[in-house]
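The values are calculated or read from the model by the stated rules, or taken from the named source; none is laboratory data. Given the structure is predicted, the values throughout are model-derived calculations rather than measurements. Cβ coordinates were reconstructed from backbone atoms using ideal geometry, including for glycine residues, and neighbour counts include every protein chain displayed.
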Amino acid sequence: MRNAKYLVALLLIVCSLSACKKYLVEEVFSSSQPTNFYMNEQQGISALNGVYAGLRDTYFTYANDYTFFSMLEAPTGTVSFSPGFEGMNYSAKDLADIKKVWDRMWVCVNRASMLIKLLKKENVNEISYKRIIAEAKFVRSLCYFNLVRMWGDIPLNDGVETIDGAYPAKVSQSLVYKQIIKDLESAAVDLPTWKQYAAYGNSGTGNLVNDYKGYERGRATKGAAQALLAKVYLTIASSIASNANLYDNAFDKNDMYTKAKVLCASIYAGGHDYGLITDYSDIFKEVNENGKEDIFSVKFIEDSDLKLGNSLAGMTAVKGTGILTTEVGTLKSTSAFLNEFIVSDKRRAATFFLEYINKSNVRVLYPAGIKTLTFKKYWSDYQLSSDNIPMQPTTYIFKTSAADKGRFGDDIPILRYSDLLLMYAESLNALGDMANAKQRVADVRERSGLGRVLPAGDLMELIISERRRELCFEIQLWFDYQRLNIVQRYRPTLSAVKYKYFPIPISDLMTNPGLLPQNPGW
Amino acid sequence: MKLILTLGFNFVILLLFSHSVSAQKSIIRGQVTDENKVPLVSVTITVAGKNTTAITNANGEFSIEAETRDKLKFSFVGMENKTVDVNSRLFFNVVLKLKIENIDEVVVIGYETVRRSDVTGSISKITGNDLRKQAIPNIVSALVGKVPGAYIRTTGNEPGGANSIKIRGLSSINGTGEPLYVVDGIYIDNINFINPSDVKSIEILKDAASTSIYGSRGANGVVLITTTKPKAGQVLTTYSTYYTTKYMARKIDVVDAAQYATLFYEMKANRPDIILPTVEIVGFPENIRNAWGKGYDMVKESRQPWTLQNHDINVSYGKAESSIGLGINFLKDNGAIKNQDYTRFNMKINGMIKPTEKVELGFSVFPTQYIYNHMDDGQKAIETIFGVTPVTPIYDKDGKFNFINMFGTDKTFENPIARLNNSTDIDKTDQILSDIYANFTITPKLTFRTSLKYNYSLRERLFYLPSTTLEGSLSSGKANVSHLKIQEYTNNYILSYGINKSKYAITMLGGMEISEKGRSSVNSGDVTQFNSDIYGPYNLAAGASAAGYSSFKSKETLAGFLGRANFKYDDKYFLTFTSRYDGSSKFGANNKWAFFPGVAVAWDMNKERFLSNNKIISNWKWRFSAGQSGSSSILPYQSQGSIYNMGLSKSTPTYAFGNTAVAAEAPETFSNPDLKWEISTQFNVGVEIGFWGNRLNFNGDVYLKKISNLLVKDFPLPGVSGFASSTRNGGDMKNIGFEFSLSGDIIKGKKFKLSSNIVFSKYKNEITKWLGQGSMINENKYTGYVGEGYAYGVFWEVPQLGIFSTQEEINNYSFRNPTSGALSMLQPTAKPGDIKYADTNGDGVINLSDRTAIGSPHPDFTIGMGVDFTYKNWALNIFINSVIGKEVYNSSNVQLMNTSLFNTNKYDEPYGEATSFSTRVLNRWTPENQNTSVPKLGSTATNGLSANLTNIEDGSFIRFENIALSYNFPRKNMKGIKTFSIFGSVQNAFLITKYRGTDPENNQPEPGGWATNQSSSILAYDNFGYPRPIAYTLGLNLNF
C-alpha cells in the first residue's frame, strides 16, 4: 500500500489542476478572432474589402446567382424571365433564392456594422480611419436603402458580437431612412472625391497612383455618397408626393425635395468633374468604369478562377449564336419594351442585342423571334465590332479564357451621372423650377440623339419615360414604379398592396419573431 | 471393428492384471497431444506431492519415474490441467484440452472487465464468432439488428460505404451522433477499416451509469471493441477468404425514348410560357416520335461487375511470459459503377512480454491503408446518370464520348461515363493506431496500468479532370490535391485495487487521462490550364493557373479524472459508483469542466431462497441505474468567434478595385463564451430472466434519456444577424425507450440444434425545448423540421390530399368563413390535375403556414430475428431485420417526379434540374386519366407550395438480411489441419417495402456519402443513394 501512496502523489503532480488549466487553453492557428481583429489600418482595409465583397454578393454572386436582378427587373415588364418572378408568384425554389438575397444583404450590413463599431481608432491614421468608416457607412446605407425599398419595415443591425444581438426586431421605415441619412451625411463629409482618392493609395501595397483609374478605382467617393443621399431624399419626397408612402409623417416633402435638389446641384456645379460620356454605348466600357459618368458601381473583373467576373452576359446570351460557349439565355427582354424606343434613339442599339456577326463575318439580324430578344448592357467587355456588335469568334480568342465562359468584367451600375441629371430635373420640377428641370432632361436626351427640344406634355411624365429608357436593366425601374406609385400603369396585375414589398423569408419569421408580422398579402 | 473390440478386451485384461502389482517404482512413458493429436512440446509433468518433474520433448514424449499409487499431473499454458492415476500403467497417451476462456463470462466495461454475472449496467455483448457468421467486410453492418436498443444500418452501399449506429434513439444532433468507438482502449471516429476477423468481442454500453466512465465522450453510448490476442500455449495459423458477387436488388425505372417523347411534347403543350432553346430534339424528330424506340440507356452503360474479395491470414504464438500475433487482411470491393472501388490493406501486430512476475509490457499496432477510387464522382454520377434523358447519346458517331445535349446546340452536358472513364479521383488514407502499455502488479490487490496511445492518419485526395471531360476541357485540365493529417495522443494512468472475501468483494479503480488531437491540412486549390493531360494530379507545376490554395491547423485537448467502485455482497447484491471529471479546451473559460456521475444497483433475485430451487426460473436479475455523460462533439474554436480570411480563395471570392483582386476578411462566427457541455442524463431499469436452465433468456430494459443543452452546430439564426447559423446549446431533447432480446435453444439434440434470437427496440424522441420557434433544418435540401413538442427532424410540409381530378372538385373545395358564413374557394387558381392541399390551420388560405408534421424519420420500432440450425457438420443461419414506421425523404423524386416544370437541360436554370422521368409519371393526370395519384404535366401551385408530389415516402421494411450456410469438414483425413470449413451466404435476399427509392435505409447526411465526418443533423434523406445489392458470397476458413 505504501507504493500506492507514491503513485497517487505522482498522478497529482503530473496533472495538478493548474497544469490542466493551461493544458486546456485553446490554441488558435488559422483564423483571427473578433477580439484581436480590427486592430490596425491593414485589418481595417481588409475588413472593408470584405464589406464590398458582401455588396457584390447581393447583386450577383460567383455561383451565377442573379436573383437580386431577377427580383427587381422581372416585375417591371421589361425582362422576360421565369413566370414566378415576372408575376411575383414565387415557387418554393424562388422563395429559397429570395432568402439567399435577403441573407447576403444582411451579411454585408453586419460586416459594415462590425467594422464601424470595432475598428480601433487610436491605432489607425486619422485620414485612413475616416475613409474606412465612411466607405463602410456608404455601403451599409446602400444595403439598407435596397432593403427598406424591397421589404418595408426592417431591423437595424449594429454589428452582432454575441448571440444577444442576433435577433434585432423590425423598426419603422422612417427610422431606417433616418439612419441612412445620418450615415450618408457623415460619409459625404469624410469621403474624398474620385479625383482626390488615389492620393491615399492602399496602405502597405505601394501601389500609389495619381490617377483615380488606378488601384483604388471602384471605392465609394464623396460624389457617390452625395448622389446616393440625393436619391434617398428624392425617394422619400416622391413617395410622399405620390401617396406611395407617408413614412408616419416623419419627413417633410418639400424639405426632402429641396435637399435632393441642393445635392444634385452641387454635383452638377462641377466640383467632382462628373459629366456625360458622349456616346451612350461607351458608358459601360471598361475604360469608362468608375469615371466621369459612373458615380458608383459594383465592380467585376474579367476572371477565370477567382470568379470575380460577371456572367450576366452568359445569362443573356441566346442559345445557338455560337458567340459564347456558355449561352444560358434565361434573361430576355420583351419586344413590347423594345418598341418604346424609337429607332433614332441611340440607346436602342446600345441596349438591345439586335444583330451579331457570325463566323463568316456576315451580319445576322437577331433575334429571329420575339421571345429570344435580349439586352446587352453587360456585354461591353465582350469582343465587339467597331459599331458595338458582338462577333462570333473564329477561334475563341478572348482577353482571357474567362470571357469564353461568359464571365466579363462589366460592372453593375448603381449611380450614373445621367441618373443624377434626371433626379435633379425631378426635384427641380417638384419645386416649381420647370425651366432648369427641362434643361437637365434635355442634357440626357441630347446625348441619345433626340435633340434638346423636348416633346410637348407633362414634364414629370417625360422624366419617367426618359428614366425608363435611360436606366433600364440597371435595377432602377421597379423602385421608380413604387416610389412614383405607377405600378398600375406598367404592371396592372401587380398593383395590389401585396406586391409593394417582397415576402420576408418564412424561416426568418420562424427564428426571429421580432420580424413579425409578415408583409401584407404574403 | 472386430479387431478393435479384441484389442480393447485385451487391454482391459492387461489393466486388471497390472493392478495387482503395487507400490513399485517404475519408469512411465507416454505422449502428450492436444485434441487434434498434435504433440505438445514442453508440457510439465509432475508427480503429485513429490519433487519429480519432467518435460515433454519435441515429439511430445516424456518419461518419468513414479509409483503405482502416484498421480501424474500434466500442465501446460493455455491448456486445461489433467491428472491421471498411475496405477500399474507404464504408458500413457494423454490428451490435453484447450483451456476455453469462456469469453461470454467476462464483460469489458471500460478500463476493466467484470464477470457477466456481476454486471450492473445495460451492456450488450456480441462475440467475434457472432460477427463472423456473415461474410460482411465491416463490423457495423454485421451488427445490424443484433443489439437491442441500437438502430444500426448501412447508410451507404458504395464500396467501403458508411454505416451508422444510433444507440437509444437520437442522442445528439451535432457531430456524428455516433457512439464513442474504443478499440483496445484507443479512441477512434470510424471503425469501418477494422477487419471483423480480428474482433474478439464488442461491448455496447448503453445506459449512462456505464458510459459515464467515458464522461464527455460517452453521451451517444460507447462501443468497446476488443481484438483477438495470441493465446498462451498456442501456435495458430488461420487463413480465410471469401468472394462476393453483387446484383442490383431494386432499381429506379426511368422512361425510354418513346415514352419520353410523349411526355416531352405534352409538357411543351401544357407550358407554352416556357421557352425551349430549340424546338426539336436532334435525331428524334417530332413527326415520327412513335418510332423513337428505347433510346440510350446511360444506367446500363455505367455498370461494371460488382464484386468483393477478402483474404485474411493470422499467425499467433504465445507462451506464458511472451506472445506475438501477426495478421494481414486484404479487401477489394468493386462498385457497381465503372472504375469505382475500395481497397483496404490491414496489418495487425500485437505482443506482450512479462520480464518479471509483476510486470507486463505490451503493444499493439494496426497499420491500415484504404483507398477509395472514384467514390465521390461515382456518387455524383448516379445522380447525373438518372438526370440524362434517354434521347441523349452517350457516344457520338465516331464512338467517342458525346458532350452535346439533346438539343444538339450547346456543349453543356457533362457525360458522366466520360468522367468516370477519363478522370482521376483517388482518396487514400494511411493510418496507424498504436498502443503501448505497462501493467504493474504492486501487490496482489493493487495494480497500476499506464498506456500511451497514438493515432496517426494521413488522408490524401488526388483529383484530376482531363480535357476529355467537359469540365476539364473548359479549363484545360483541372487538378486538386489535398492532404489532411490527424494526430491524436492519449495517455492514461489507472490504479486498481480489489478485495475478494468469501461474502463480499470490492474493486476500485481511479486514474486520469489526457488527450490531444491535432488536425492540419494543405489543399492545392484548383490548378488549371495544363498543356497536357499526361501528368494527371502528379505534377501541379504543369498547370499554368492556380487558385484557392489553402492550409489549416487546429488543436483540441481534453483532460479527465475517472473513478469507479464496484461492491458485491453474497453474489446477490451489486453496487457500482462511477464518476468522471472532464475538461475540454473547446468550451468557454467558465464552462470547461464538467462532472459526470453514475450509480448502478443490481440484484440477483434468483439467488434468494424463495427462487433458488425454482425448476422453471434459472436466472432472475434486476438492474437499476442512473447517470450522466456528456458530449463535446463540436469543432474547436466555436466559443471564440472567428474572422474568416477570405483571401483569394475560389470558394469565397473577394473584391476587385481597378483590375486587381484584393485580400479581404470578414466575420465568420461571433464569440459564444457561454458555450457548454451537452449533458445526457439517463435512468434505466433492466431485467434478465432465464428459464429452464437458461435455455430461454429474456433481457429487457426501459429507459428515459434526457439530453440537455443540446449542442447544435448549425443552429439557424435569422438572416438579419448577418450569420446563417452558429454553434449553440440550442435546446433539450428526450428519448423514452424500451428494448429486449429473447433468445432460446429450442432444440438441443446431439445432431440437430435449433436456436433463435429476437431483438426488439423502440424509442420515442421529442424535442422538449428549443430556443426560439421551430426551424427548418436544411431548407435547401429537404423538409426536416425541429421544434418543441415534435420529434427531431419530422418532415414539415403542407399535407397533400391527392389530385383534383375534375374542375368540380376544385369548385367544391371551399372554406366557410366562420363569422360571415361566406364560402370561398380554397385553391381558386388550381386546375384539374393539380395537387389538393389541406388547410390545416383553418384560416381559409393555403400557404406555408399550413405546414405540419407529415412523417417522421424515427422508426416506431425495429425487430431483428435470427435463427440458427445445426445438423451434424452443417450450420444454417438466417437473419431477418425489420424497421417499421419511419418515413424517408426520397430526393431522387426532385429530378424524376418533377411534373410541374419542363426540364430540358441540367444547366438550364431556372427550368429545373432533372432531364428524365420516372416511369411513374406515365400515370400522370390527363383528361383521359383523371383518377390518378400523379399530377398532370405542367401542374402549378401558388404561395410557395410545391406543384409536385411530396417526396416523403414510407420507409418501413422487412429484410432477409442474411442467409448463410456453412459446412465443417470432419477432422478425419486432414493431417495438420485443425479445422476447415466452407460457407456460402446471401445478403439482402429479400426486401419487402413500399419505398420507391433504391433502399429505405439510404441516408446521405452530407454530400459524398462516404465522408467520415457526417453530421447527424439530417435524418432519412435519400438522394439517389447507392443501391443495396443482393450479395452472394462463397468462402472458406482454415486453421492449422
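Key figures for this structure:
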{"quantity": "Criterion: buried (at least 21 other Cβ atoms within 10 Å of the Cβ), more than 27 Å from B:Ile167 (Cα to Cα) and not charged (D, E, K, R) - qualifying residue of B:Gly772, B:Gly749, B:Gly722, B:Gly730", "calculated": "B:Gly722"}
{"quantity": "Odd one out for A:Phe138, checked against (1) in contact with a strand residue (DSSP E or B) (Cβ under 9 Å, 6 or more places away or on another chain); (2) facing another protein chain (nearest Cβ under 8 Å); (3) crowded, with 24+ Cβ neighbours inside 10 Å", "calculated": "(2)"}
{"quantity": "Tally of residues being outside any helix (DSSP H, G or I), among the hydrophobic types (A, V, I, L, M, F, W, C) and facing chain B (nearest Cβ under 9 Å) across segment A:505-522", "calculated": "1"}
{"quantity": "Residue tally, condition within 14 Å of chain A (Cβ to nearest Cβ), among the β-branched types (Val, Ile, Thr) and under 24 Å from the mean Cα position of the chain (by Cα), over segment B:691-737", "calculated": "1"}
{"quantity": "Qualifying residue in segment B:875-898 (condition: modelled with pLDDT under 90, part of a loop (DSSP other than H, G, I, E, B) and more than 35 Å from the chain's Cα centre (by Cα))", "calculated": "no"}
{"quantity": "Flag for B:Leu922 being outside any strand (DSSP E or B), in contact with a helix residue (DSSP H, G or I) (Cβ under 9 Å, 6 or more places away or on another chain) and surrounded by fewer than 19 Cβ atoms within 10 Å (Cβ to Cβ)", "calculated": "yes"}
{"quantity": "Which numbered condition A:Ala112 misses (of (1) surrounded by 24 or more Cβ atoms within 10 Å (Cβ to Cβ); (2) modelled with pLDDT of 90 or more; (3) more than 10 Å from chain B (Cβ to nearest Cβ))", "calculated": "(3)"}
{"quantity": "Options A:Arg489, A:Arg440; residue that is crowded, with 20+ Cβ neighbours inside 10 Å, away from chain B (no Cβ under 14 Å) and part of a helix (DSSP H, G or I)", "calculated": "A:Arg440"}
{"quantity": "Residue within segment A:50-65 that is without any contact (Cβ under 8 Å) to a residue 24 or more places away in the chain, within 30 Å of B:Arg519 (Cβ to Cβ), at the interface with chain B (Cβ under 7 Å from one of its Cβ atoms) and in a helix (DSSP H, G or I) present", "calculated": "yes"}
{"quantity": "Qualifying residue in segment A:265-275 (condition: within 14 Å of chain B (Cβ to nearest Cβ), in contact with a strand residue (DSSP E or B) (Cβ under 8 Å, 6 or more places away or on another chain) and not in a helix (DSSP H, G or I))", "calculated": "no"}
{"quantity": "Matching entry among B:Tyr493, B:Tyr489, B:Tyr573 (being over 33 Å from the mean Cα position of the chain (by Cα) and aromatic (Phe, Trp, Tyr))", "calculated": "B:Tyr573"}
{"quantity": "Lone qualifier among B:Ile436, B:Ile442 - being within 14 Å of chain A (Cβ to nearest Cβ) and in a strand (DSSP E or B)", "calculated": "B:Ile442"}
{"quantity": "Sole exception among (1) under 30 Å from A:Tyr90 (Cβ atoms); (2) at pLDDT below 95 for A:Gly449, by number", "calculated": "(1)"}
{"quantity": "Extreme residue, surrounded by the fewest Cβ atoms within 10 Å (Cβ to Cβ), among residues of segment A:68-94 that are under 12 Å from A:Leu331 (Cα atoms) and of a type in the set (Phe, Trp, Tyr)", "calculated": "A:Phe81"}
{"quantity": "Matching residues in segment B:928-972 - criterion: being of a type in the set (S, T, N, Q) and more than 14 Å from chain A (Cβ to nearest Cβ)", "calculated": "B:Asn929, B:Gln930, B:Asn931, B:Thr932, B:Ser933, B:Ser956, B:Asn962, B:Ser966, B:Asn968"}
{"quantity": "Count of segment A:390-426 residues which are at pLDDT below 75 and more than 14 Å from every other protein chain (Cβ to nearest Cβ)", "calculated": "6"}
{"quantity": "Residue among B:Asn195, B:Asn220 that is surrounded by 24 or more Cβ atoms within 10 Å (Cβ to Cβ) and over 26 Å from B:Thr578 (Cα atoms)", "calculated": "B:Asn195"}
{"quantity": "Conditions (1) surrounded by 23 or more Cβ atoms within 10 Å (Cβ to Cβ); (2) more than 10 Å from chain B (Cβ to nearest Cβ); (3) farther than 19 Å from A:Ile414 by Cβ; (4) touching a Ser or Thr at 6+ places or on another chain (Cβ under 6 Å); number of the one not met by A:Asp158", "calculated": "(1)"}
{"quantity": "Total residues in segment B:694-732, condition at pLDDT 90 or above, hydroxyl-bearing (Ser, Thr, Tyr) and under 14 Å from B:Glu678 (Cα atoms)", "calculated": "1"}
{"quantity": "Residue ranges of strands (runs of 3 or more DSSP E) in segment B:623-728 with at least 3 members touching a Phe, Trp or Tyr at 6+ places or on another chain (Cβ under 6 Å)", "calculated": "B:678-691, B:696-708"}
{"quantity": "Some residue of segment B:858-868 being over 30 Å from B:Leu991 (Cβ atoms) and crowded, with 18+ Cβ neighbours inside 10 Å", "calculated": "no"}
{"quantity": "Within segment B:317-334, tally of residues that are buried (at least 21 other Cβ atoms within 10 Å of the Cβ) and at pLDDT 90 or above", "calculated": "7"}
